[in-house]
Amino acid sequence: MNTTKNYQLRQAAGEYWLIRMGAMIWQQYMQGQTEKGIAALLQQTYGIDDQEAYQDVQQFIRQLREQGII
């Protein structure tokens with residue numbers, strides 16, 4: 001897990017926990033927002049580069065899929 005990012009996906013007692021930015025990504029994704037739309041929101045909210053935001057969103061959603069969460 002990359003702890004330098006503003007999100008983490010942690011597992012404890014068989015449950016997964018979203019930390020910081022991950023909660024925003026999860027919420028927007030579950031509301032049907034596109035990955036690019038979520039990246040734009042992160043860029044506006046956290047002032048990060050658009051390419052970095054998009055890559056972060058893709059990586060986080062990939063982690064959720066790999067863990068069988070989505």
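The values are calculated or read from the model by the stated rules, or taken from the named source; none is laboratory data. From a predicted model like this one, the values you see are computed outputs, not experimental measurements. Ideal geometry is used to build each Cβ from the backbone, glycine not excepted, and the neighbour counts take in all protein chains shown. Remember, those area values only see protein heavy atoms, side chains included, never the ligands or the DNA or RNA. Shrake-Rupley method; radii C 1.70, N 1.55, O 1.52, S 1.80 Å.
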Sorting Glu35, Glu52 on solvent-accessible surface, 1.4 Å probe, most exposed first, gives Glu52, Glu35
Neighbourhood net charge (13 Å Cβ-Cβ; Lys/Arg +1, Asp/Glu -1) for Ala39: -4
